[in-house]
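Take a look at the structure set out below.
The values are calculated or read from the model by the stated rules, or taken from the named source; none is laboratory data. All values reported here derive from a predicted model rather than from experimental measurement. Here the Cβ is made from the backbone with ideal geometry for all residues, glycine too, and neighbour counts use every protein chain on show.
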Amino acid sequence: MGAELPDYYFRIRENGAFVFRVDTENRQRRIEMDQIAIVNIKNGEVKPHGGRDLTPEDMKAIKRWMADRTELLARRDIDDILRAVDYLNLTTHWVQSKATDDQLEEVTDSLLLAMHDLRSVLVRKKADRLAKG
């Protein structure tokens, strides 16, 4: 472990994190983590844990983490979609060059419905953007 630990640790959970204050300034020089808050990234809620009062430094660190986490999740969403585009291209190649009739029978209807649904939503959203701008 590095010599300098952060002042806060965020244990990620589905909609946010549990926030801990990290302390190494004790007699045993052990790492102690004291839970101070629960953060919900979806609605921006910060709940102090155990009747605590959060300091301005606590809130500054939490708000910074929330902004960084929101940005990271947004980047991951775009990356996931770009991977889906790659996967669609790989699927097209598989259908054209490798798929058997039985395999195609198994996946064709599901793929067609999913692609039709996606296309419908993309066309509607594109038309909305064009109408606005």
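For the structure I just gave you, tell me whether residue 5 is surrounded by 11 or more Cβ atoms within 10 Å (Cβ to Cβ), assigned to a loop (DSSP other than H, G, I, E, B), at pLDDT 95 or above and among the hydrophobic types (A, V, I, L, M, F, W, C).
Values: surrounded by 11 or more Cβ atoms within 10 Å (Cβ to Cβ): yes; assigned to a loop (DSSP other than H, G, I, E, B): yes; at pLDDT 95 or above: no; among the hydrophobic types (A, V, I, L, M, F, W, C): yes.
The answer is no for residue 5.
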Review point. Does at least one position in region 81-88 carry a residue that is under 30 Å from residue 12 (Cα atoms), aliphatic (A, V, I, L, M) and in contact (Cβ under 8 Å) with a residue 12 or more places away in the chain?
Key: no
Exercise for review: Output the qualifying pairs, or none if there are none: Cβ atoms under 8 angstrom, residues six or more apart or on different chains, first residue in region 107-127 and on the phi < 0 side of the Ramachandran plot, second residue surrounded by 10 or more Cβ atoms within 10 Å (Cβ to Cβ) and assigned to a helix (DSSP H, G or I).
Suggested key: 111/91
Practice item. Kindly indicate whether residue 29 is in a loop (DSSP other than H, G, I, E, B), without any contact (Cβ under 8 Å) to a residue 24 or more places away in the chain and either among the aliphatic types (A, V, I, L, M) or surrounded by fewer than 14 Cβ atoms within 10 Å (Cβ to Cβ) (or both). Key: yes
Exercise for review: Hey, can you tell me all the residues within region 32-58 that are surrounded by 12 or more Cβ atoms within 10 Å (Cβ to Cβ), modelled with pLDDT of 95 or more and either of a type in the set (S, T, N, Q) or assigned to a loop (DSSP other than H, G, I, E, B) (or both)?
Suggested key: 35, 40, 41, 49, 54
Exercise for review: Determine which member of the set 67, 61 is under 24 Å from residue 5 (Cα atoms), touching a residue at least 40 places away in the same chain (Cβ under 8 Å) and outside any loop (DSSP other than H, G, I, E, B).
Suggested key: 61
